[in-house]
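These notes concern the structure reproduced below.
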Amino acid sequence: MPRGAHHDLTGLLLDGTPYPVLRTDDGGEWRLELLQRHRHLFGTRVRLSGTRDGFDLIAVDRIGPA
């Protein structure tokens, strides 16, 4: 998948260093460029929308509980 591709993903949001991680239902993992105000969602299932910004990096546009 090329950089700049849009993604709609659902999975478990985990705290990671230096980027939070989304573990998807199919076993994949994405690092997330995410604002600090979303820390309360760590450990929960979320649905997000964003743009691919690197090999396994998503720049998040929207995120919320799944």
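Probe radius 1.4 Å, ligands and nucleic acids ignored: give me the carbon and sulfur share of the accessible area of the chain as a rounded percent.
Summing carbon and sulfur atoms, their accessible area is 51 percent of the total for the chain.
Just going by the charge dipole of the stretch 1-63, with Lys and Arg at +1 and Asp and Glu at -1 on Cβ, which of Phe55, Gln36, His7 is farthest out on the positive end?
Looking along the dipole axis, the top candidate is Gln36.
What base-10 log of the normalised intensity I(q)/I(0) is obtained for the stretch 8-66 from the Debye formula, alpha carbons as equal point scatterers, at q = 0.15 Å⁻¹?
Once normalised to I(0) and log-transformed, intensities are -0.33.
Just how large is the dipole of the chain about the Cα centre, in debye to the nearest 20, putting +1 at every Lys and Arg Cβ and -1 at every Asp and Glu Cβ?
In debye, rounded to 20, the chain gives about 200.
Using only alpha carbon pairs under 8 Å that are at least six residues apart, calculate the relative contact order of the stretch 1-65 and give it in whole percent.
36
Using 1/(1 + (r/R0)^6) with R0 = 22 angstrom and r between the beta carbons of Gln36 and Asp8, what's the FRET efficiency to the nearest 0.05? Walk me through the numbers before you get to the answer.
On the way: r = 23 Å, r/R0 = 1.04.
That gives a FRET efficiency of 0.45.
The values are calculated or read from the model by the stated rules, or taken from the named source; none is laboratory data. The shown structure was predicted, so the numbers you read here are calculated from the model rather than taken from an experiment. Counting neighbours? That spans all protein chains shown, and the Cβs are built from the backbone with ideal geometry, glycine included. Surface accessibility is based on the protein's heavy atoms, side chains included, excluding ligands, DNA and RNA. Shrake-Rupley method; radii C 1.70, N 1.55, O 1.52, S 1.80 Å.
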